[in-house]
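Single-structure report; data block below.
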Amino acid sequence: MMSLRAKEEYLRAVHGRYRQATRATKGQILDGFCAATGYHRKSALRRLHGPRPGRAYAPPERPARLCSAAQGQSSSRIAFASRRSAVSKPSVNQS
């Protein structure tokens, strides 16, 4: 069994060759990769079809808040506050 670091190095070595290979050759490369690393075939395909090894993508940015007044409050509190202010209390006339 290979160590994780060795698997990553082997993936870097094979990745470029696999991407440029013909369909028949890809099968042979995939068989060898599975035998050497111990990956199941589907896992190996995901690794070989993915982005170039060692290449990390930045996490997607979170959307900005819609309302500056809502910062620090949960959505249920916002909804309750807006309902409370929208409903006017009936005035009681004491004559």
May I ask you to say which residue of Ala44, Ala70, Ala86 is among the aliphatic types (A, V, I, L, M), surrounded by 10 or more Cβ atoms within 10 Å (Cβ to Cβ) and at pLDDT below 65?
Ala70
Does any residue in segment 4-19 that is over 16 Å from Cys34 (Cβ atoms) and without any contact (Cβ under 8 Å) to a residue 40 or more places away in the chain come within less than 8 Å, Cβ to Cβ, of a residue that is surrounded by 18 or more Cβ atoms within 10 Å (Cβ to Cβ) and not aromatic (Phe, Trp, Tyr) six or more places away or on a different chain, and which pairs are these?
Arg19/Leu48
Can you confirm whether segment 50-66 contains a residue that is modelled with pLDDT under 70 and not in a loop (DSSP other than H, G, I, E, B)?
no
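The values are calculated or read from the model by the stated rules, or taken from the named source; none is laboratory data. The model shown is predicted, which means the values in this text are computed figures rather than measured ones. So basically every Cβ, Gly included, is an ideal-geometry build from the backbone, and we count neighbours across all protein chains shown.
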